[in-house]
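The values are calculated or read from the model by the stated rules, or taken from the named source; none is laboratory data. Quantities reported herein were computed from a predicted structural model and do not represent experimental measurements. With ideal geometry, Cβ positions are generated from the backbone for all residues, glycine too; neighbour counts draw on all protein chains shown. These area figures cover heavy atoms from the full protein model, side chains too; ligands, DNA and RNA do not enter into them. Shrake-Rupley method; radii C 1.70, N 1.55, O 1.52, S 1.80 Å.
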Amino acid sequence: MMEIMRSMASGFVAKILMGLLVLSFAVWGIADIFTNFGQGAVATVGKTEIDARDYQSELILEVNALSNQLGQRLTTSQTAAFGLPNQVLGRMISEATLNDMATSFNLGLSPTVLAKEISTEPAFQSLGKFDRNQMNLVLRNAGTTEDRYVLTREALETRRQLAAALTGKSTIPTAALKAFNGFTFEKRDVNYIALKEEAIGDIEEPSDDALNKYFEEKKIAFRAPEYRSFEILKLEPGDIIDTESVTDEDAKIFYETAASRFVQPEKRQMQQILFNSEEEAKAAADKIAAGASYEDIMAERNLAEADVDFGLLTKEEITDPAAAEEIYSLEEGQISGVIKGRFGSLLLRTAKIVPSQASPFEELKEQLKAEIAAQRATGEVLDVFDKVEDERAGGSTLKEIANKLNLPLRTVNSISKVGELQNGDKVTDLPEQEQLLPSVFESDIDFEADPVEIDNSGFAWFIVTDIVNSRDRTIDEVKDDVIAAWKKDELTKRNAALSAEILKEVKGGKSLEAVATERGLTMETATDVTRQAGGALPASAVQQAFNGPLAYKASAVDGDTQYILEVAKVTEPEFDADALQLNALRQNLDTNVGTDMLSQLSSTVLSDIGYTINEALMQQIVNGTN
């Protein structure tokens, strides 16, 4: 039940997919028993083994997904910091526990039923029906095979059977639904005073004693970080491009082969009058046939040129197919008959025709040569990569390799892990910097680390040449920074003290409005505040506003602003257990009830059947994933 309350409090963020049965276990006892493993098993749950290849595949999917979300490739240390290895293994242990339960209950699927489930998988559909080629493409992109997928899907469908049997009919009691309805939809009006630190004014200079005391207490905040110096050898297509090797003949052949690329398509200036009915359009067409001009019809309908003119368009740019066909069948200046367009009856005019024309080769020659050289360089990157690796294996230094292969070598002196130099300057132009610097700080002096991939098109090799260890700075080195930090902290303290004073007065019986008036402050009111939507109030203030009854008084802080607040009105939501608006809430809670039940059962079964983890193999897989 506490799990349900937590899910509700977080705004229903715990959207459990029962089909996948991903049960959360916050802490797994990694350092348990490390013996008696089946070969290739990263963990064993009862009699069920978790194959190392399956674990690696699942971990790679999670790492790739998060890497794409963050816009950078996760390093091994970052993968561990996000907790992905344990999260993936925890989920797979949960699944294995249910698999073991299903086996003990002798559950399973017939080949016919399994084939039907796979054939109806949406990801495998093409043009509304199962497509085996589409399935193979999806599986290949996911890094798995058909045989392994079938085994995995069979286990998933069996777990679904087990879940449906154990929790399929679980429902939340009406009393609990009412409580959650009130928790979710209750509204409050909140009076509040917002105290911004900037309103405190300037802070005086600290005394030497105060400054020294503050520095000693906060010394670690002013500690000099570790700095590292390194050389970096970069290989990208632009580093090996050779435009001089591309001849005019090469460019001419390319021009002729891709001639359609260099042709400007025909464009026509389209003008259109839209009529309310076909009869109106025919009447206008008859007037034009009798001698009226297109402009005459525009004037009758109070249309300016801007109202009818769509500019120069290619045939593909005209969204109405009928209009496109007609415009491109007319001569310049010619007016169409009545056309049934997508939005009504039309009279069209082709006001101007700009013929198709090809750009001359001489105008494009240098551009084409550069493009050919870039394509060649892209294709040669891997060849040069192999040469660099061969040179490294032969003992050459990065400087020697750079000179031999004519590649750019850069020396970076005394840089921190966040890209700051000792003089305070910020470095932002290193290749794949967010991945490179963590790798540099995981390496050691003269250690040949693996190259860093650059944007899927190049590589960078580095060698650490010097390490300056982190150290405590003296106050004289950072005095200005210490003074600024002391003033900022003092400002925060004084603002917090003012907030505490006002809250004390309000709790003592004064109204918030009276205190605001006495102190020259402004009291504001946030209306219809819910736990999910606070309006002008930050989340911290909203949380406090729902911590007590009507007339409840409290304070909250958000950044540099202190809030003193009072609950002015509480509106309880109406409750009808059969109301349509509660269907989604009921379904969500029913799902969470079932998930809680299944999680508790799974935990109990897991403790009974036991599990073991091959930590050494797990770490080996984690290191190889990145």
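Restrict the check to segment 562-579 and report whether at least one residue is more than 17 Å from Gly182 (Cβ to Cβ) and in contact with a Pro (Cβ under 8 Å, 6 or more places away or on another chain).
Looking through segment 562-579, at least one residue is more than 17 Å from Gly182 (Cβ to Cβ) and in contact with a Pro (Cβ under 8 Å, 6 or more places away or on another chain).
Considering only segment 340-359, state which residues are more than 22 Å from Ile297 (Cα to Cα) and either at pLDDT below 90 or hydroxyl-bearing (Ser, Thr, Tyr) (or both).
Ser356, Gln357, Ala358, Ser359, listed by residue number.
When you scan segment 244-264, how many residues do you find that are touching a residue at least 24 places away in the same chain (Cβ under 8 Å), open to solvent by 60 Å² or more (accessible area, probe 1.4 Å) and part of a helix (DSSP H, G or I)?
Number satisfying all stated conditions: 2.
Table: residues versus (1) open to solvent by 70 Å² or more (accessible area, probe 1.4 Å); (2) under 30 Å from Tyr214 (Cβ atoms); (3) not assigned by the TED database to the domain that holds Ala80.
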position: Gly395; (1), (2), (3): no, no, yes
position: Glu400; (1), (2), (3): yes, no, yes
position: Asn403; (1), (2), (3): yes, no, yes
position: Asn423; (1), (2), (3): yes, yes, yes
position: Glu434; (1), (2), (3): yes, no, yes
position: Glu442; (1), (2), (3): yes, no, yes
position: Gly458; (1), (2), (3): no, no, yes
position: Ile463; (1), (2), (3): no, no, yes
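Would you check which residues across segment 98-125 are open to solvent by less than 80 Å² (accessible area, probe 1.4 Å), of a type outside the set (A, V, I, L, M, F, W, C) and closer than 29 Å to Ser67 by Cα and list them? Step through it out loud before you land on a result.
If we filter segment 98-125 for residues that are open to solvent by less than 80 Å² (accessible area, probe 1.4 Å), which is where we start, we get 98-102, 107-110, 113-115, 117-119, 121, 123-125.
After this cut, where a residue has to be of a type outside the set (A, V, I, L, M, F, W, C) as well, the list is 99-100, 108, 110, 117, 119, 121, 125.
Answer for segment 98-125, where residues must be open to solvent by less than 80 Å² (accessible area, probe 1.4 Å), of a type outside the set (A, V, I, L, M, F, W, C) and closer than 29 Å to Ser67 by Cα: Glu121, Gln125.
Just one of Val593, Val567 is in contact with a Gly (Cβ under 7 Å, 6 or more places away or on another chain) and not aromatic (Phe, Trp, Tyr); which is it?
Values: Val593 fails: in contact with a Gly (Cβ under 7 Å, 6 or more places away or on another chain).
Going through Val593, Val567 in turn, the sole match is Val567.
Output the residues belonging to segment 526-552 that are assigned to a strand (DSSP E or B), of a type in the set (D, E, K, R) and either surrounded by 17 or more Cβ atoms within 10 Å (Cβ to Cβ) or in contact with a Cys (Cβ under 6 Å, 6 or more places away or on another chain) (or both).
Pass one, segment 526-552, residues assigned to a strand (DSSP E or B): 526-529.
Still in the running and of a type in the set (D, E, K, R): 528.
Within segment 526-552, none qualify.
Under 6 Å by Cβ, and 6 or more places apart or on different chains, what pairs join a residue from segment 554-583 that is in contact (Cβ under 8 Å) with a residue 40 or more places away in the chain with one that is of a type in the set (S, T, N, Q) and surrounded by fewer than 17 Cβ atoms within 10 Å (Cβ to Cβ)?
Pairs found: Ala577/Thr174.
Answer yes or no: is there a residue in segment 501-521 that is among the β-branched types (Val, Ile, Thr) and under 28 Å from Arg223 (Cα atoms). Give the steps one after another, and end with the answer.
To start, the set of residues in segment 501-521 that are among the β-branched types (Val, Ile, Thr) comprises 502, 506, 515, 517.
Those left that are additionally under 28 Å from Arg223 (Cα atoms): none.
No; the residues of segment 501-521 include none that is among the β-branched types (Val, Ile, Thr) and under 28 Å from Arg223 (Cα atoms).
Give all pairs with beta carbons closer than 8 Å in which a residue from segment 521-548 that is of a type in the set (Phe, Trp, Tyr) meets a residue that is surrounded by 13 or more Cβ atoms within 10 Å (Cβ to Cβ); count only pairs at least 6 apart in sequence or on separate chains.
Partner pairs satisfying both residue conditions: Phe546/Glu186; Phe546/Arg188; Phe546/Arg531.
Of all residues in segment 265-302, which are surrounded by fewer than 16 Cβ atoms within 10 Å (Cβ to Cβ), touching a residue at least 12 places away in the same chain (Cβ under 8 Å) and under 16 Å from Ala351 (Cα atoms)?
Glu266 - this is the single residue of segment 265-302 that is surrounded by fewer than 16 Cβ atoms within 10 Å (Cβ to Cβ), touching a residue at least 12 places away in the same chain (Cβ under 8 Å) and under 16 Å from Ala351 (Cα atoms).
Would you check if Gly333 is part of a loop (DSSP other than H, G, I, E, B), on the phi > 0 side of the Ramachandran plot and assigned by the TED database to the domain that holds Glu278?
Details: part of a loop (DSSP other than H, G, I, E, B): yes; on the phi > 0 side of the Ramachandran plot: yes; assigned by the TED database to the domain that holds Glu278: yes.
Yes, satisfied.
For segment 59-92, give me each residue that is in contact with a helix residue (DSSP H, G or I) (Cβ under 8 Å, 6 or more places away or on another chain), open to solvent by 50 Å² or more (accessible area, probe 1.4 Å) and not in a helix (DSSP H, G or I).
Across segment 59-92, the qualifying residues are Arg73, Phe82.
Of the residues in segment 342-353, how many are surrounded by fewer than 20 Cβ atoms within 10 Å (Cβ to Cβ) and not hydrophobic (A, V, I, L, M, F, W, C)?
3
State all residues of segment 128-151 that are in a helix (DSSP H, G or I), out of contact with any strand residue (DSSP E or B) (no Cβ under 6 Å at 6 or more places or on another chain), of a type outside the set (A, V, I, L, M, F, W, C) and at pLDDT 85 or above; if no residue qualifies, say none.
Arg132, Asn133, Asn136, Glu146, Asp147, Tyr149 - these are the residues of segment 128-151 that are in a helix (DSSP H, G or I), out of contact with any strand residue (DSSP E or B) (no Cβ under 6 Å at 6 or more places or on another chain), of a type outside the set (A, V, I, L, M, F, W, C) and at pLDDT 85 or above.
Among all residue pairs at least 6 apart or on different chains, which show Cβ distances below 6 Å where the first residue, located in segment 379-395, is modelled with pLDDT of 95 or more and the second is exposed (fewer than 11 other Cβ atoms within 10 Å of the Cβ)?
none
Taking the residues in segment 203-238 that are more than 33 Å from the chain's Cα centre (by Cα) and crowded, with 18+ Cβ neighbours inside 10 Å as candidates, determine which candidate is farthest from Lys479 (Cα to Cα).
Among those that are more than 33 Å from the chain's Cα centre (by Cα) and crowded, with 18+ Cβ neighbours inside 10 Å, it is Tyr214.
Residue by residue through segment 319-365, note down the ones that are touching a residue at least 24 places away in the same chain (Cβ under 8 Å), of a type outside the set (A, V, I, L, M) and under 23 Å from Ser260 (Cβ atoms).
Within segment 319-365, Tyr328, Pro355, Ser356, Gln357, Ser359, Phe361, Lys365 qualify.
Could you tell me which residue of segment 314-336 is surrounded by the most Cβ atoms within 10 Å (Cβ to Cβ), considering only residues that are out of contact with any helix residue (DSSP H, G or I) (no Cβ under 6 Å at 6 or more places or on another chain) and of a type in the set (Gly, Ala, Ser)? First the steps, then the outcome.
Of the residues in segment 314-336, the ones out of contact with any helix residue (DSSP H, G or I) (no Cβ under 6 Å at 6 or more places or on another chain) are 314, 316-317, 319-323, 325-327, 329-334.
Filter again for of a type in the set (Gly, Ala, Ser), leaving 322-323, 329, 333.
On the way: Ala322: 14, Ala323: 22, Ser329: 11, Gly333: 11.
So the residue we want is Ala323.
Condition (residue is open to solvent by less than 40 Å² (accessible area, probe 1.4 Å) and outside any helix (DSSP H, G or I)) applied to segment 165-178: is it met by at least one residue?
Initially, segment 165-178 is screened for residues open to solvent by less than 40 Å² (accessible area, probe 1.4 Å), giving 167, 170, 172, 176-177.
Right, trim to outside any helix (DSSP H, G or I) and you get 170, 172.
Yes: segment 165-178 contains one or more residues that are open to solvent by less than 40 Å² (accessible area, probe 1.4 Å) and outside any helix (DSSP H, G or I).
Among the listed residues Val570, Val557, identify the single one that is of a type in the set (Val, Ile, Thr), in a strand (DSSP E or B), open to solvent by 20 Å² or more (accessible area, probe 1.4 Å) and closer than 23 Å to Glu198 by Cβ. It would help to see each step written out before you state the result.
Details: Val570 fails: closer than 23 Å to Glu198 by Cβ.
When all the criteria are applied, what remains is Val557.
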